[in-house]
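Computed from the coordinates by the stated procedures, all read-outs in this text should not be read as laboratory data. Please read these numbers as outputs of a predicted model, since none were measured by experiment. Quick reminder, even Gly has a Cβ in these numbers, built from the backbone with ideal geometry, and neighbours come from all protein chains shown.
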Amino acid sequence: MPRMNLEGSSSIVTGGASGIGEACARQLAALGSHVVIADLQEERGQAVASEIGGLFVKCDVSSEEDGAAAVAAASEMGPLRALVNSAGLGRAGRTVDRNNDPMPQDVFDFVIKINLLGTFNMLRLAAAAMAKTDPVDGDGQRGAIVNMASVAAFDGQIGQAAYSASKGGVVGMTLPIARDLAAVGIRVNTVAPGLIDTPIYGEGEASDAFKAHLGQSVLFPKRLGSSEELAFMVLDLITNPYMNAQTIRVDGGIRMPPK
């Protein structure tokens, strides 16, 4: 059975303006898919979209209206075959801080809203559009979805309660959603990245030193992963017709300590 052919299809990458999302968008475009960059970073998103012959749609992933606009834009360029849910954020904070004050509930809620509810919002809207397309093979396959979790779903550190909960939710819904969507020939997988070199760490000498220090805790190779390496796995999960309902750590073997 050959890999899923993306030539002439459309794809959506949330958070596609930078980091892991950008790397995924570039690799999808290289396989012949017309990519919608769904992001809030307008200038950067427009630049990436124009470089890869795609389209930028300003999108808050937790908004039904924005999500529907991204799906509609993709569907106009070709049958929607792939969604990469890469948009996400973190807000560090202890459950009870050093002054014995509780974490503000709205901080926790906001992380859940974007990382978990936003992921499901985009997934349900994209899946509905994929379900209406013609199958691409004799198995009745119509598309593939890859969600972005984190090793924090399993090895959450001090101060990561909200982030870990949001990513744990993404892991937890992967199997039931894959079961739901099997009826319409859509596969669903999740990637759990470890320490990946993205713009979140900043730039410059201090940033490089910090990243080198972080890299020493990785089993092998002793460095941060690259966005391209993460995107290799995402593209495999999209194009390998037998990959379904999995959560795969891409982390160089790291197991995160408490802090």
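Mind checking which lysines have their Cα closer than 21 Å to the Cα of Lys113? Skip sequence neighbours fewer than 8 apart in that chain.
Lys58, Lys167
Would you list the membrane-span-like helices of the chain, meaning whole DSSP H runs whose alpha-carbon atoms span at least 24 Å along their axis and whose mean Kyte-Doolittle value is at least 0.5?
Taking the DSSP H segments of the chain (at least 24 Å long, mean hydropathy at least 0.5), we get 161-181.
Hey, got a sec? Which trypsin sites (Lys or Arg not before Pro) in the range 71-174 land in a DSSP loop and have at most 13 other Cβ atoms within 10 Å?
Those satisfying the criteria are Arg94, Arg98, Lys132.
Given +1 on the Cβ of Lys and Arg, -1 on the Cβ of Asp and Glu, and no further charges, what dipole in debye does the chain carry about its Cα centre, rounded to the nearest 20?
760
Just to verify a number: FRET efficiency for Glu7 and Met103, C-beta to C-beta distance, R0 = 51 Å, to 0.05?
So the FRET efficiency works out to roughly 0.60.
Taking loop as defined by DSSP and a crowding limit of 16 other beta carbons within 10 Å, which GluC sites (Glu not before Pro) in the range 201-253 fit?
Here the GluC sites (Glu not before Pro) that fit, given the DSSP loop and packing criteria, are Glu203.
Can you give me the Cα centroid spacing of the range 110-175 and the range 1-21 in angstrom?
15
Neighbour counts of other C-beta atoms within 10 Å: give me Met173, Met1 arranged from fewest to most.
The most exposed by this proxy come first: Met1, Met173.
Among Val218, Val36, what is the fewest-to-most ranking by other Cβ atoms within 10 Å? Don't skip to the answer; put the middle values down first.
Working: Val218 18, Val36 31.
In increasing order of surrounding Cβ atoms, one gets Val218, Val36.
When only alpha-carbon atoms count, how far does the chain stretch along each of its three principal axes, as whole angstroms with the largest first?
57, 36, 35
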